[in-house]
Amino acid sequence: MDAASLPRVYLDLNHWYTLGAAMAGHPREPAHVALLAELQRLAADGLAEFPLSSVHYMELTENPRDEQRNEAARAMATLSRFRTMAPLSVIIREELDLSFNARFGRPAFPRRVPKFGVGVGFAFNEPVRFSLRGGTDDQLRELEPTLGTSVTEWEAQINAWAEFVLLAQPPRAVAAQIKDYNPYGARTLADEHLASFNVMIETLRTNPDISQRPLDAIAARQFTFEFLDQYTAAYLGAGFTMDRRPFHGAEALTSFLMSLPSRRVATMIQFHYLKDITRDWTINDLRDIAALSAAIPYCDIVVTDKKAWDVVVNRAHLDREFSTHVLPRLDGLADLLASQGNCKP
């Protein structure tokens, strides 16, 4: 089975914690031991992929509990083999081009981007690779007896070690001694996202006109705060100009937004969550929605939490729309994988 036909399984971080506990010898439920063994077999035999996202890295990094963080990282490393998903910023580039092409026939050759790759660098679209530098080829070869292996193999080992460290992060006691190390570095942007989202919520609650058009409000926030630069680059690339724009009015922009797979998922989950006017939104809510907005359109199986599952399956019906199996628990995952035949390209 080639990589393109493998069933791809996206697991919420909480389920990675569960598998990590089972791998460490203290499973939360007895059934998790057999499930872990089966998932390990599928991963080792190349029969399934368990990709990680940038959200996994950020959320795991912020966990202050060294033991739990390392347990989850070991399970992730074992099952994912550091296969990762492209960040939303990259995926949206393709979605924009494809939607413009479908509507206007341009750009004639829409960009195509790989959704799955290898390593933390791929997950964040920032190449990360360590290599020996500063010597000639002959000098590097002279190092090999000291290294006990070829330079190429040594670099591979170092990069494999680095991938795990970048996932698990150093123990907090060690991290405290690293200059400028900040496990919460991603929180600055996350705080900005949450602040802008709360502004939208307040507007929906206080503006009678906007409150009747929640999808337009969600779309407006996404366009202006999350990917305006990409949208502008895409319509310019499609032959439009700043004076001759492709869409005018809220309805047209909302319709266009809903044609982008990742944006449709994010919008519909937000739309249904916003019906709970007492909900106190958190950074993790927005991160989880961001992860699902890539996982549901492009993975074959998604295992999330019960609240997200209820919205995705029972209210928004996104599982049927994207032909994706969405589960609220790990139970049944092994049987579902055994039944998988057709997978997404």
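Here, each number is a calculation from the coordinates, and none is a lab measurement. Values in this document were obtained by computation on a predicted structure and should not be read as measured data. Positions of Cβ are generated from backbone atoms using ideal geometry, with glycine treated the same way; all protein chains shown enter the neighbour counts.
Restricting to the stretch 309-335, name every residue that is touching a residue at least 24 places away in the same chain (Cβ under 8 Å) and of a type in the set (A, V, I, L, M). Correct list: Val311, Val312, Ala316, Leu318, Val326, Leu327, Leu330, Leu333, Ala334. Look at Glu59 and say whether it is among the acidic types (Asp, Glu) and within 19 Å of Asn125 (Cβ to Cβ). Against the criterion (among the acidic types (Asp, Glu) and within 19 Å of Asn125 (Cβ to Cβ)), Glu59 qualifies.
Restricting to the stretch 234-246, name every residue that is part of a helix (DSSP H, G or I) and in contact (Cβ under 8 Å) with a residue 60 or more places away in the chain. Listed by number, the residues that qualify are Ala234, Tyr235, Gly237. Evaluate the following for Val302: is it in a strand (DSSP E or B), within 30 Å of Gln40 (Cα to Cα), under 19 Å from the mean Cα position of the chain (by Cα) and of a type outside the set (Asp, Glu)? Yes. May I ask you to verify whether Asp310 is closer than 24 Å to Leu60 by Cβ, within 23 Å of the chain's Cα centre (by Cα) and among the charged types (D, E, K, R)? It is false that Asp310 is closer than 24 Å to Leu60 by Cβ, within 23 Å of the chain's Cα centre (by Cα) and among the charged types (D, E, K, R). Sub-6 Å Cβ pairs linking a first residue in the stretch 167-188 that is closer than 23 Å to Phe122 by Cβ to a second residue that is of a type in the set (S, T, N, Q), at least 6 apart or interchain, are Ala168/Asn70; Gln169/Thr61; Pro183/Thr61, ordered by first then second residue. Take the conditions surrounded by fewer than 23 Cβ atoms within 10 Å (Cβ to Cβ), farther than 22 Å from Leu228 by Cα, aliphatic (A, V, I, L, M) and free of Cβ contacts under 8 Å to residues at least 12 places away in the same chain and apply them to Ala44. Does it pass? In short, yes.
Take the conditions touching a helix residue (DSSP H, G or I) at 6+ places or on another chain (Cβ under 7 Å) and surrounded by fewer than 19 Cβ atoms within 10 Å (Cβ to Cβ) and apply them to Leu330. Does it pass? For Leu330, the condition - touching a helix residue (DSSP H, G or I) at 6+ places or on another chain (Cβ under 7 Å) and surrounded by fewer than 19 Cβ atoms within 10 Å (Cβ to Cβ) - is not met.
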